[in-house]
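Comments concern the structure below.
The values are calculated or read from the model by the stated rules, or taken from the named source; none is laboratory data. As the structure is a prediction and not an experimental result, all values here were calculated from the model. No Cβ is skipped: glycine too gets one built from the backbone with ideal geometry, and neighbour counts run over all protein chains shown.
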Amino acid sequence: MAPRAYWKGSLKLSLVTCPVALYPASTAVEKTRFHMINKETGNRLKQQMVDAETGDVVESDQKGRGYELRKGEYVEVEREELEAVQIESNHTIEIDSFVPKEEIDKRYLDRPYYIVPDGKAGMDAFAVIRDAMKDQDRTALARIVLTNREHVIAIEPLGKGLLGTTLRYPYELRDETDYFDDIKSPKISKDMIELAGHILDTKAAHFDPSKFKDEYETALKALVRRKASGKPPKTVEREEKPDNVVSLMDALKQSLKGRKAAAKRGRSTARRAPQRRRPARKAHRSAARHRKAS
């Protein structure tokens, strides 16, 4: 069964409009999740709102929203007042501009969505917008209202459809200088950099997310399966981390030596593999000569 669309509306480029649907491109459904339970009864627990000062349980009709002006002092905001400032969606993704993809700072990327044509009526217009972006190698910047908030969304071609990624606003990002300014700039020898470069070369690869392995998630699922079947959980002895301090140069040399040794073992194994098949071919030839002689 196909998932339900998260949002439906129109994609608009100047006077060209086509109906589209948005689907979340990511999901957390497969992640292992736990609930809080009563260990005595096995029943699930539910949370209650409690007044931080009095400790009394607050009923639902007494709950409200407040903005903290200063420590412990709040200004209450009514639901009607919030609804008055909420942005009403016109169900249109309005494309404002097209920018080079490489100019978009990755820190601004937030949530990805698949954008597909909604019905056959706008299929041609959808294909025109998609293919024009492919030819120009540009990313569209548009506005969309999701959950009563306006978001900037970056749209780019992806296969036969479009990928839309909501972007963070500048106020949502922290300034990197607050974290990087105190980083020292030690003098590093050219030999060290070249040695580190060799290590980088030995680890060169292509981006392949199919190789990503969530070891913690795998261990959680195994733990739950064993517990559910009545088996005791496996005990794992943690390796002790070495506390000896080695020089950076020695560490680089050892790292490179380890990579080279592993690569050498791989090559020697590959060379030895065909040699094991030779006796079989020799025996086959001997048998063939014996039949010919007979």
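How many residues are at pLDDT 75 or above and either assigned to a loop (DSSP other than H, G, I, E, B) or surrounded by 12 or more Cβ atoms within 10 Å (Cβ to Cβ) (or both) if we restrict to segment 230-250?
So the answer is 6.
So if I check each of ALA5, ALA52, which one is out of contact with any strand residue (DSSP E or B) (no Cβ under 9 Å at 6 or more places or on another chain) and of a type in the set (A, V, I, L, M)?
Every option except ALA52 fails the conditions.
In segment 14-21, is there at least one residue being out of contact with any Leu (no Cβ under 9 Å at 6 or more places or on another chain) and within 25 Å of ASN148 (Cβ to Cβ)?
Within segment 14-21 (the criterion being out of contact with any Leu (no Cβ under 9 Å at 6 or more places or on another chain) and within 25 Å of ASN148 (Cβ to Cβ)), the answer is yes, since at least one residue qualifies.
Of all residues in segment 158-215, which are in a loop (DSSP other than H, G, I, E, B), within 30 Å of SER247 (Cβ to Cβ) and among the aliphatic types (A, V, I, L, M)?
ILE183, ILE188, ALA204, ALA205
Residue-wise test of (1) more than 30 Å from ALA142 (Cα to Cα); (2) touching a Leu at 6+ places or on another chain (Cβ under 9 Å); (3) of a type in the set (Asp, Glu).
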position: GLN48; (1), (2), (3): yes, no, no
position: VAL58; (1), (2), (3): yes, no, no
position: ARG79; (1), (2), (3): no, no, no
position: GLU83; (1), (2), (3): no, no, yes
position: ILE87; (1), (2), (3): no, no, no
position: PRO100; (1), (2), (3): no, no, no
position: ASP118; (1), (2), (3): no, no, yes
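If I go through segment 181-229 residue by residue, how many of them are surrounded by fewer than 10 Cβ atoms within 10 Å (Cβ to Cβ) and of a type in the set (Lys, Arg)?
Looking only at that region, the number is 6.
Working carefully through the options ILE115, ILE87, ILE129, find the one that is in contact with a strand residue (DSSP E or B) (Cβ under 9 Å, 6 or more places away or on another chain), within 17 Å of GLY161 (Cα to Cα) and not in a helix (DSSP H, G or I).
Working: ILE87 fails: within 17 Å of GLY161 (Cα to Cα); ILE129 fails: not in a helix (DSSP H, G or I).
Answer to the selection: ILE115.
Considering every residue within segment 100-107, establish whether at least one is surrounded by fewer than 11 Cβ atoms within 10 Å (Cβ to Cβ), touching a strand residue (DSSP E or B) at 6+ places or on another chain (Cβ under 6 Å) and not in a loop (DSSP other than H, G, I, E, B).
No - not one qualifying residue is present in segment 100-107.
For THR177, indicate whether it is outside the structural domain of LEU15 (by TED's automatic domain parsing) and under 25 Å from LEU109 (Cβ atoms).
Yes.
Which of the residues spanning segment 117-137 are in contact with a helix residue (DSSP H, G or I) (Cβ under 8 Å, 6 or more places away or on another chain), surrounded by fewer than 19 Cβ atoms within 10 Å (Cβ to Cβ) and at pLDDT 90 or above?
Once the filter is applied, which keeps residues that are in contact with a helix residue (DSSP H, G or I) (Cβ under 8 Å, 6 or more places away or on another chain), surrounded by fewer than 19 Cβ atoms within 10 Å (Cβ to Cβ) and at pLDDT 90 or above, segment 117-137 yields nothing.
If you go through segment 61-75 one residue at a time, do you hit one that is under 30 Å from LEU22 (Cβ atoms), surrounded by 10 or more Cβ atoms within 10 Å (Cβ to Cβ), out of contact with any Cys (no Cβ under 8 Å at 6 or more places or on another chain) and among the aromatic types (Phe, Trp, Tyr)? Working first, answer last.
Initial filter on segment 61-75 (under 30 Å from LEU22 (Cβ atoms)): 65.
Pick out the ones that are also surrounded by 10 or more Cβ atoms within 10 Å (Cβ to Cβ) and you get 65.
Next cut, out of contact with any Cys (no Cβ under 8 Å at 6 or more places or on another chain) only: 65.
Add one more test, that the residue is among the aromatic types (Phe, Trp, Tyr), and what stays is none.
There is no residue in segment 61-75 that is under 30 Å from LEU22 (Cβ atoms), surrounded by 10 or more Cβ atoms within 10 Å (Cβ to Cβ), out of contact with any Cys (no Cβ under 8 Å at 6 or more places or on another chain) and among the aromatic types (Phe, Trp, Tyr).
Identify, from the list LEU69, LEU22, the residue that is assigned by TED's automatic domain parsing to the domain that holds VAL128 and not hydroxyl-bearing (Ser, Thr, Tyr).
LEU22
Give the residues of segment 40-60 that are over 36 Å from the mean Cα position of the chain (by Cα), surrounded by fewer than 10 Cβ atoms within 10 Å (Cβ to Cβ) and assigned to a loop (DSSP other than H, G, I, E, B), sorted by residue number. Write out each step before concluding.
Restricting attention to segment 40-60, the residues satisfying the condition of being over 36 Å from the mean Cα position of the chain (by Cα) are 40-41, 51-60.
Adding the requirement that they be surrounded by fewer than 10 Cβ atoms within 10 Å (Cβ to Cβ) leaves 40-41, 52-55, 59-60.
GLU40, THR41, ALA52, GLU53, THR54, GLY55, GLU59 - these are the residues of segment 40-60 that are over 36 Å from the mean Cα position of the chain (by Cα), surrounded by fewer than 10 Cβ atoms within 10 Å (Cβ to Cβ) and assigned to a loop (DSSP other than H, G, I, E, B).
Applying the selection to segment 16-39, what residues are within 19 Å of ALA5 (Cβ to Cβ) and part of a loop (DSSP other than H, G, I, E, B)?
Hits for segment 16-39 are ALA25, SER26, THR27, ALA28, VAL29.
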